[in-house]
Amino acid sequence: MRNPLSRKIVEIQPSGIRKFFDVANEMEDAISLGVGEPDFDTPWRIREEGMFSLEKGINVLVGWVRSNFAAESAARGAPDNTQ
């Protein structure tokens, strides 16, 4: 069967990021942070805050994410880099 792609396209070497995604894809517990759909469902509390922010204005969501990130970082002993 004839390859539908041109020879020039077939000869292009994969990029470094493509190789990285291929390796990560073969890892059992890896979460892909690449472009496209996430490997997990968005938690309901995040969805609800997103819907609320659309009704009240996006700045509400930004503030909520910032405060929750700061609280979770503090719980881990990480520096506060939310500003």
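What residue, among those in region 11-26 that are among the β-branched types (Val, Ile, Thr) and modelled with pLDDT of 85 or more, is surrounded by the fewest Cβ atoms within 10 Å (Cβ to Cβ)?
ILE12
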Item to complete: Would you confirm whether any residue within region 36-45 is in a helix (DSSP H, G or I) and at pLDDT 80 or above?
Response: yes
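The values are calculated or read from the model by the stated rules, or taken from the named source; none is laboratory data. Here the structure is a predicted model, which means the values were calculated and not measured. Here the Cβ is made from the backbone with ideal geometry for all residues, glycine too, and neighbour counts use every protein chain on show.
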